[in-house]
Amino acid sequence: MSEPHTLPVAVDEGGPGADTPSRGPELREPSGFLAGLALSYFGVYLALMTPVMFALAFKLQHISGSIESATHALGVVAGTGAIVGMIAQPVVGRLSDRTRSSFGRRRPWILGGAVVGAGALGCVGLAHTMPQVLIAWCVAQAGFGAALVAAQATIPDQVPARRLGVVSGITGVTTPLSILAGSALVTVLTGDLLRFLVPGLVAVVLVIPLLVILEDPQLEDTPPRHGVREFLGSIAFNPRRHPNFSWVMASRFLVMFGYAGIGTFFPFFLGQRFQLGETDVAKAILLVNVVSVVCLSMSAPLGGALSDRIGKRRPFVAAAGLIMVLGLLLLAFAPTLGIVVVAQGVIGLGLGAFMSVDQALAVQVLPNPDDNAKDLGLIALAGTLPQSVGPAVAPVVISLGNATALGGYGTWYVLGALTCLAGVFTIYRVRGVR
């Protein structure tokens, strides 16, 4: 049987604001690269998402003694940690682009970040006060953020343009799979230390195959020396010179803001609306995540593959965002746990397609091939910044929403749907890539 024909991604040549650079000659993807990359993504996301989705909420509730106090503490811890992570990613990305180690440009940061992150998670598990949790979680965010941005930079380094959708689709599945695995771990592991340490150690083990497979040559030219001011200035970019890159960042921020508050406050939402205890909340989250993972696992590779075949990105990103809007509204008004499960399935369908195609689109509008890791760090910042802004804003929105018939968490999810909708409209400001 002949191989199916894959169209090149459509480009609007000479369109206004077209700043998409050529990615140069056809890249050769190393054998086994996708499998190694997927394993590393799964491990890092397992270490990051298990605390964000489950373990941090339970840990802080154990320390504070009440859901109300834990809600505010979780907002501070998750928000501050996200700020640290979003700062670390572009900084580490820039450092990775300039690294001249014999171990390569990406490997030192992937391995070093995972080891530091795992150690910090162990400290979170051992912490007895909220400040201790806060400090250790910030270190964990920085460590795993470094590993993640270095791993992401291997995609434009290694993957040809015609394969971007497929690769992004497969790696996109790793996030929900890690959430599902994390929910299972939280159910099986009853102690705080194990709930944090085990995911961290798994991450360290799972990045190793990528380190072995990766073709990561040493940087030949010595990069120019910069002072602190010049180095920080080199991380920034000019939105007017690179409008496509700017609009992709804006769209991702808005869509991910709509999604960011779901997982962080989901245990409290279930406990308050349906009067569930911690054990029942953990079981409900596991059920919800099974449905979400199944839906996302279908839509992520399918969306990426169809986008590659048809040669368009923006319609898929927009459609995925609209599906997420529908799911968020279902969640906000859900009268039963069954509707919550359906809503999370719908959100999973949208999120899977969005993550895969949006990542492929982001790679295609990177401003400079020599700064791939730094620029992907900025794109990652647009996805992680909502994790900081969301928890900081959420307690106020939830408090005000408690006075309405919809309730605090319902109001929060409606706000998420509106910002997600704004992200759908924003993606059509991108020019040069259809």
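The values are calculated or read from the model by the stated rules, or taken from the named source; none is laboratory data. Since the model is a prediction, treat every value here as computed from it, not as a measurement. Note that we place each Cβ from the backbone using ideal geometry, even for glycine, and neighbour counts take in every protein chain shown.
Exactly one of these conditions fails for D280: (1) touching a residue at least 24 places away in the same chain (Cβ under 8 Å); (2) surrounded by fewer than 24 Cβ atoms within 10 Å (Cβ to Cβ). Give me its number.
With respect to (1) touching a residue at least 24 places away in the same chain (Cβ under 8 Å); (2) surrounded by fewer than 24 Cβ atoms within 10 Å (Cβ to Cβ), D280 is out only on (1).
Just one of the numbered conditions (1) more than 22 Å from D375 (Cα to Cα); (2) in contact with a helix residue (DSSP H, G or I) (Cβ under 9 Å, 6 or more places away or on another chain); (3) not aliphatic (A, V, I, L, M) is not true of G169; which one?
Of everything listed in (1) more than 22 Å from D375 (Cα to Cα); (2) in contact with a helix residue (DSSP H, G or I) (Cβ under 9 Å, 6 or more places away or on another chain); (3) not aliphatic (A, V, I, L, M), G169 misses just condition (1).
Six or more apart or on different chains, Cβ atoms under 6 Å: show the pairs whose first residue is in the stretch 172-195 and under 22 Å from H62 (Cα atoms) and whose second is among the polar types (S, T, N, Q) and surrounded by fewer than 23 Cβ atoms within 10 Å (Cβ to Cβ).
From residues that are under 22 Å from H62 (Cα atoms), there are no pairs.
Would you mind finding the one in A161, A120 that is over 30 Å from L349 (Cα atoms) and among the aliphatic types (A, V, I, L, M)? Spell out how you get there, then give the answer.
Numbers: A161 fails: over 30 Å from L349 (Cα atoms).
Step by step, each of A161, A120 is checked, and only A120 is over 30 Å from L349 (Cα atoms) and among the aliphatic types (A, V, I, L, M).
Of everything in the stretch 162-191, what is surrounded by fewer than 18 Cβ atoms within 10 Å (Cβ to Cβ) and either assigned to a helix (DSSP H, G or I) or modelled with pLDDT of 90 or more (or both)? Give them in sequence order.
R162, A184, T187, V188
Which residues, taken from the stretch 95-119, are modelled with pLDDT of 80 or more, in a helix (DSSP H, G or I) and surrounded by fewer than 24 Cβ atoms within 10 Å (Cβ to Cβ)?
L95, R107, P108, L111, G112, V115, V116, G119
Counting only residues that are crowded, with 18+ Cβ neighbours inside 10 Å and at pLDDT 75 or above, which one in the stretch 210-241 is farthest from A151 (Cα to Cα)?
Per the criteria, the residue is I213.
Which pairs have Cβ atoms under 7 Å, sit 6 or more apart or on different chains, and link a residue in the stretch 63-75 that is within 13 Å of S399 (Cα to Cα) and in contact (Cβ under 8 Å) with a residue 60 or more places away in the chain to one that is of a type in the set (D, E, K, R) and assigned to a helix (DSSP H, G or I)?
Here the result reads none, with nothing in the stretch 63-75 linked to a residue that is of a type in the set (D, E, K, R) and assigned to a helix (DSSP H, G or I).
Within the stretch 45-88, count every residue that is aromatic (F, W, Y) and either surrounded by 24 or more Cβ atoms within 10 Å (Cβ to Cβ) or in a loop (DSSP other than H, G, I, E, B) (or both). Spell out how you get there, then give the answer.
To start, the set of residues in the stretch 45-88 that are aromatic (F, W, Y) comprises 45, 54, 58.
If we keep only those that are either surrounded by 24 or more Cβ atoms within 10 Å (Cβ to Cβ) or in a loop (DSSP other than H, G, I, E, B) (or both) as well, we get 45, 54.
Total meeting the criteria: 2.
Only one of V389, V365 is under 24 Å from R429 (Cα atoms) and either at pLDDT 90 or above or surrounded by fewer than 21 Cβ atoms within 10 Å (Cβ to Cβ) (or both). Can you tell me which?
Numbers: V365 fails: either at pLDDT 90 or above or surrounded by fewer than 21 Cβ atoms within 10 Å (Cβ to Cβ) (or both).
Checking each option against the conditions leaves just V389.
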